Structure formats: C-alpha cells, structure tokens
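What follows is a set of notes on a single structure, which appears directly below.
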Amino acid sequence: MDIFTIDELRKTFTNGEMKEEILKGISLTLKEGEITALVGPSGSGKSTLLTIAAGLQPASDGKILFNDNNITSMTAEQVRDIRAKKFGFVFQFAHLVPFLTVREQLSFMLDVSEVKMKNEKREQEIDYILERVGLSERKHAYPSSLSGGEKQRVAIARAVIHKPRVLFADEPTASLDSKKSKEIMSLIQDLTKTLNLTTLMVTHDEEMLSYVDHVVKMSDGLVV
Ligand SMILES: Nc1ncnc2c1ncn2[C@@H]1O[C@H](COP(=O)(O)OP(=O)(O)O)[C@@H](O)[C@H]1O
Ligand SMILES: [Mg+2]
C-alpha cells in the first residue's frame, strides 16, 4: 500500500533580493515496509526534501500526501500532531539527553508523543524495543558511558518507541565506522520490515545502498 506521496514539491529560499529554487519539482512515492534512500552530491537538496516531507519546514509548492491527507495544507498544529505521533526521526548524531538513562530517554519520547499506557505496559514496550536494538543490558546506562554505535541504537529505539508509521533518517551512519554503519543499516532494515515502517533516509555512503529497497538520485534540486 502506498501511504506516502510527494508530488511536484518545490522549495525556494529567499536571501535578501536573491531567490533560489532548491527543490525544483520532486515527485516520489514511498511504500510501507520499504526503505527509500536519497543520494546525491552535497547541496543537492536531500536534507531539505526530507525535512519538508517530515513537516519540519513548509514547502513553497506541491503536495505531500500521508494516508491521503495533504500535509502541505494542514494547520501548524495538525502537522505537529502527525509529526509527534506518526513520524520518527534519526539524525547523524544521536542527540541524547545527557542526564537521562537509556530507559528515561525512551519514556520521555512516549510522553512527548502523548502515548498513554499503564506503567506496566510502558515498561514492556521499552524492554521490547531495547531488546530489538540489542541494548537490554544498557537500560540504566547514561549516554556518556555508551559507544557511538550504542548511542545511535538508542536514537533508533527512541525514533520508533511510539510506533510511528514513517521513519525519517538523515545520514544516520555518517559518524560511524564501516562495521558499525552496517550494523545500524541492518537494524533500520529489520525494523522497517517488522514494524512495517515507511522509511526515507539520506545517505552519501554507497555501501549502505545494499540495505535499501529503492535509491533515488538527486542533483541540483531534481530527481535524476
Ligand atoms: N534555510 C535555508 N536558507 C537558504 N538556503 C538554504 C536553507 N537550507 C538549505 N539551503 C540551501 O539549499 C541547498 C541544499 O541544501 P541541503 O538540502 O542541505 O542539501 P544536501 O542535504 O543534499 O546536502 C544548499 O545550497 C543550502 O545552502
Ligand atoms: Mg544534508
């Protein structure tokens, strides 16, 4: 089933008198249970496309359809609600809260997403996702005691703990070595399949492409 469609998306940034069109009419369809990778040279508009698709910044023109709802015509509050409940995010760096344990990072995310459940169920969900990302033993650890790969695993657990439908990842392996990068991609692949996520990721690492279902090449604001 197609749940996410980007249709003729355009983005223009204005710097003083200068107008620059960064996205020049991008159309893409993302499928459930599949990973689509955006690749292309630095500055080609990959991150801009991902953040607009995720409702983090507005488009200048075009549509983004999530389950037939057009995100580009929603109110800011409606977009925030979808983003908090239906979308998950992973970036190059884990951006963990230094004074929260692994468990607390996940519990906090459930609060932010307004996922309401009894304490016992909450702990079960946290334990389940920690097992899925291979961090059961690190539940009560603080970020400072985790390796780079472990931190990124926590970031991935945090991105999916609230059971989003769409996972957005911008260069999730860019700060890791080749072996750790492959482990993280393998994890994203596994979660995409088993949680039936629709995953859109940006990468510049050719080695990661064997883990994805579709590759979309961008150049100068266009799909090529
Ligand atoms: N808020 C902004 N204002 C002006 N220009 C921007 C802004 N965000 C991105 N750009 C420009 O858009 C282009 C594409 O950036 P980006 O989407 O980050 O590319 P990529 O992720 O492919 O490296 C770059 O030239 C960048 O400088
Ligand atoms: Mg980028």
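Going through the stretch 149-165 one residue at a time, which ones are closer than 18 Å to TYR211 by Cα and surrounded by fewer than 23 Cβ atoms within 10 Å (Cβ to Cβ)? Selection gives GLY149 alone. For the stretch 118-129, the count of residues that are out of contact with any Phe, Trp or Tyr (no Cβ under 6 Å at 6 or more places or on another chain) and within 22 Å of LEU176 (Cα to Cα) is nonzero. Out of MET218, MET201, MET185, MET208, one residue alone is within 16 Å of ligand 1 (Cβ to nearest atom) and either part of a helix (DSSP H, G or I) or acidic (Asp, Glu) (or both). It is MET208. Answer with yes or no whether GLU125 is in contact with a helix residue (DSSP H, G or I) (Cβ under 8 Å, 6 or more places away or on another chain) and part of a loop (DSSP other than H, G, I, E, B). Taking the combined requirement at face value, the residue does not satisfy it. Scanning the stretch 113-148 for residues that are surrounded by 13 or more Cβ atoms within 10 Å (Cβ to Cβ) and closer than 21 Å to ARG83 by Cα, we see that the one that is modelled with the lowest pLDDT is VAL115. Each residue in the stretch 43-68 was checked for being away from ligand 1 (no atom under 16 Å from the Cβ) and out of contact with any Asp or Glu (no Cβ under 8 Å at 6 or more places or on another chain), and 3 pass. Can you confirm whether the stretch 69-82 contains a residue that is basic (Lys, Arg) and near ligand 1 (Cβ under 9 Å from one of its atoms)? The answer is no; no qualifying residue exists. Considering GLY62, GLY45, the condition of being over 23 Å from ASN196 (Cβ atoms), surrounded by 15 or more Cβ atoms within 10 Å (Cβ to Cβ) and away from ligand 2 (no atom under 15 Å from the Cβ) is satisfied by GLY62 alone. The single condition among (1) at pLDDT below 95; (2) of a type in the set (Gly, Ala, Ser); (3) loosely packed, with under 14 Cβ neighbours inside 10 Å that SER219 does not satisfy is (1).
Just one of the listed residues (ALA174, ALA157, ALA141) is farther than 27 Å from LEU9 by Cα and not in a helix (DSSP H, G or I), namely ALA141.
Every test in (1) more than 27 Å from THR173 (Cα to Cα); (2) within 16 Å of ligand 2 (Cβ to nearest atom); (3) at pLDDT below 95 is passed by PHE13 save one, and that test is (3).
The values are calculated or read from the model by the stated rules, or taken from the named source; none is laboratory data. Not measured: the values here are computed from a predicted model. Backbone-built Cβ (ideal geometry, glycine too); neighbour counts: all protein chains shown.
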